[in-house]
1. Please count, across the chain, the pairs of lysine residues with Cα atoms under 18 Å apart that sit 8 or more places apart or on different chains.
2. Would you mind calculating the gained length between N101 and D34 on full extension (0.36 nm times residue separation, minus the Cα-Cα distance), in nm to one decimal?
3. Give me, ordered by chain and number, the residues 5 or more places off K32 or on other chains with an amide H under 5 Å from its own placed amide H.
4. Suppose R0 equals 41 Å. What FRET efficiency, 1/(1 + (r/R0)^6) with r the Cβ-Cβ distance, do L4 and S72 give to the nearest 0.05?
5. Please compute the modelled spin-label separation between T81 and C13, points set 7 Å along Cα→Cβ, answer in nm with one decimal.
6. On a 0 to 90° scale, report how tilted helix 82-99 is relative to the longest principal axis of the chain, with both axes built from alpha carbons and the result rounded to the nearest 10.
7. I need the phi-derived Karplus couplings for segment 41-54: 6.51 cos²θ - 1.76 cosθ + 1.60, θ = phi - 60°, integer Hz, Gly and Pro marked x.
8. With a ≥ b ≥ c the root eigenvalues of the C-alpha gyration tensor of segment 1-44, is it rounded (a/c under 1.5), prolate (a/b larger than b/c) or oblate?
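Since every read-out is calculated from the coordinates, none of them should be taken as a lab result. Keep in mind that this is a model prediction, so the values were computed, not measured. Cβ placement follows ideal geometry from the backbone for every residue including glycine, while neighbour counts extend to all protein chains displayed.
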Amino acid sequence: MIALDFLDGKITCDELSNIDSENFKSDLFVLKEDMLQVEYGNELLIDAGWYPSFDINGRFQVRVIEGHQWESPLILLAANTITELLSKLRAAQNIVKSRFNIEESK
């Protein structure tokens, strides 16, 4: 289990917290593009997933999306481990909150 309780936005999709944090590559069918989505207001969101889906050689990506512009993320970060992923998610959230003056929404 992966703890995502540090995320302040509204979690609208979460298939990330249930994966095995130590052996996450053992079940490739859970490693896909759409694993986590967190909304901040109406126009901003953090999206995380595994790219390319179901590929053992892939990696996690964290994207900050504004105004549903999926082709042009404001921020794109990559991680190879769960520890790195959590660090990138924290960094993305901090950037979103500081850059856009967003208060905690929980």
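1. Lysine pairs, 8 or more places apart or on different chains, close enough: 6.
2. 21.5 nm
3. Long-range HN contacts for K32: W50, F54.
4. So, using R0 = 41 Å, E works out to roughly 0.95.
5. 2.7
6. That helix lies at roughly 10 degrees to the long axis.
7. Running phi through 6.51 cos²θ - 1.76 cosθ + 1.60 with θ = phi - 60° gives x, 8, 10, 10, 8, 10, 10, 9, x, 9, 10, x, 3, 6 Hz.
8. On the way: a/c = 4.08, a/b = 1.89, b/c = 2.16.
Note, shape of segment 1-44 comes out oblate.
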